[in-house]
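Following: one structure in structure tokens, then a few remarks.
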Amino acid sequence: MRLVNGSISHETTKARKVHSWFRAFVFSWPLIAGATAQVPRTVWDGAYSDTQATRGATLYADRCAACHADDLSGIDQAAPLVGADFLNAWNDQTVNDLFERIRISMPADQPGSLNRTQVADAVAFLLKTNGFPAGATDVPTAADDLKALKILAKKP
């Protein structure tokens, strides 16, 4: 500390406060940055493009509607793909979970016959039909990207 006329210099005290704040900021920045980098994306963030959903609608009409109905309400054993039942079934799961279910088991008469782009297009159509907003990019086809995207029935 520096004494000026018998008292502590205000400049020294002010400099210490600034230095302490700066040190705290610099050392905590990686924690703050890491916390924001970990925020998961959801389907409410615009997970598909309108163009992709349009491609998905065409694919759905050709390959899915025979079992799941034109209005996605489901027929017999084929589950509904729109509404509360669908949203409750997939709530808090990743888009990868839905993607893989479609990729591996659909269409029922030719399971596994859709390529990854077609599955992504179908997922985009399902998201649009269930009222999730469109964004600027397509539903990805890479598993790591799909795992980082959560389905939430209600907007956070």
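The table for this structure:
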item	result
Pick from segment 85-102, criterion touching a residue at least 60 places away in the same chain (Cβ under 8 Å) and either among the small types (Gly, Ala, Ser) or assigned to a helix (DSSP H, G or I) (or both), ranking: farthest from Val139 (Cα to Cα)	Asn88
Those residues of segment 108-156 which are touching a strand residue (DSSP E or B) at 6+ places or on another chain (Cβ under 9 Å), assigned to a loop (DSSP other than H, G, I, E, B), of a type in the set (A, V, I, L, M) and crowded, with 18+ Cβ neighbours inside 10 Å, in sequence order	Val139, Ile151
Test: residue in segment 81-93 that is touching a strand residue (DSSP E or B) at 6+ places or on another chain (Cβ under 8 Å) and assigned by TED's automatic domain parsing to the domain that holds Tyr60	yes
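The values are calculated or read from the model by the stated rules, or taken from the named source; none is laboratory data. Since the model is a prediction, treat every value here as computed from it, not as a measurement. Positions of Cβ are generated from backbone atoms using ideal geometry, with glycine treated the same way; all protein chains shown enter the neighbour counts.
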